[in-house]
1. Please state the charge dipole magnitude for region 100-283, taken about the Cα centre, from unit charges on C-beta atoms (+1 on K and R, -1 on D and E), reported in debye and rounded to the nearest 20.
2. Sorted from fewest to most neighbouring beta carbons within 10 Å, what does the list W171, W198 look like?
3. If you rank R28, R116, R49 by fewest surrounding Cβ atoms within 10 Å, what's the result?
4. Roughly how many debye, to the nearest 20, is the charge dipole of region 2-81 about its Cα centre, given +1 on each Lys and Arg Cβ, -1 on each Asp and Glu Cβ, and no other charges?
5. Would you grab the residues whose amide H sits under 5 Å from the one on T205? Only those 5+ places off in sequence or on another chain, please, with H modelled 1.01 Å from N.
6. Kindly work out what percent of the DSSP beta bridges joining two residues of the chain are antiparallel, to the nearest 5.
7. For a paramagnetic label modelled at 7 Å from the Cα of K63 toward its Cβ, which residues of region 23-53 fall within the zone defined by backbone nitrogen distances under 17 Å?
8. Based on alpha-carbon centroids, what's the gap between region 207-274 and region 36-85 in Å, whole number please?
Amino acid sequence: MAAAQRAAAPQVRYRRAAVELQRLRKERGESASDVVAAIAGMNLVKLSRYENAQVQLKPDVVKALLDHYECDPALAEVLLEGLRDNGRPGWVAGYGDLNPLHQDLIRLEETAVGNRSYEQSYIPGLLQTRRYAHAIIASGVHQTPSVEERVEVRINRQAVLTRATNPLKLWAVIHESALSMKVSDGVMEDQLDRLIQWSALPNITIQIMPAMAPPHPGMSGPFTLLEFPHRDLDLVLLSDMISSRWVEKAAEVETFRTAFDEIMATALGLDDSLKLIREKREQLK
């Protein structure tokens, strides 16, 4: 099923690599015929399919094209790293029913340097406890793969926050209402304790949007901005009850970046945010 979904809708990692390949060729002023003549094993059909993400992009072929275009090494590494999971063993391999978007999210989180998230109703997935994640996922409408498998995936994703080398920098703004959700006994207490623990890490920043805050861009809905070493590769993920989609156009991504800056400015400061989390935790005793 995953393969069929990939064929119908190319994964965002392939699309952005394809866009960069086409951009680099045009910047060098080369025609497709010029590239085909310069790279062994390349032909016009293959190049077209690579530039339009119509096939699975193989890292060795993409590298040959990037080398030919004399692509910036840092940009090339970001693009190639996003493609290297094909057939590679890893914890994601055990969850074959994950749809392409979730596969993308996992791989992109692993290669991103920053994550800026605004959440209205829930604690962000990267900060959830296992019991809280189970309660949230079990309440949803999508049950494939199983609740237990989805919980396991969510918890495993959190490794990017504590990895030894370059842990992901997470800046999460959470609406106050998410701190007061009624879950089964002990779940919310543990979750708030975990938020306090997470906030002590140097790469994690947590702000709370107070219930009485003035109007702000986050009122339009939650979103996640993933940031990479090259700003033009940044992406935004939008999700609702029945669908999710990536925002890829640079101008639109910048709109969300500006929105997040305004959200941060509207939310409580770091000390006041931590104080409110602790107050909510005390109320549950």
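Any read-out appearing in this document is the output of simple, stated calculations on the displayed coordinates, not a laboratory observation. It should be emphasised that the depicted structure is a prediction, and the values quoted were computed from it without experimental measurement. Glycine gets a Cβ as well: all are built from the backbone with ideal geometry, and neighbour counts include every protein chain shown.
1. Working: 19 positive and 25 negative charges, 53 e Å.
Here the size comes out at about 260 debye.
2. Values: W171 18, W198 21.
So the ranking, lowest neighbour count to highest, is W171, W198.
3. Numbers: R28 12, R116 24, R49 15.
Taking fewest neighbouring Cβ atoms as first place, the list is R28, R49, R116.
4. On the way: 12 positive and 11 negative charges, 90 e Å.
Using Cβ point charges on Lys, Arg, Asp and Glu, region 2-81 gives about 440 debye.
5. Placed amide hydrogens put L170, W171, A172 under 5 Å from T205.
6. Numbers: 12 of 24 bridges.
Close to 50 percent.
7. Zone members listed by number: 39-42.
8. A separation of 32 Å, based on Cα centres.
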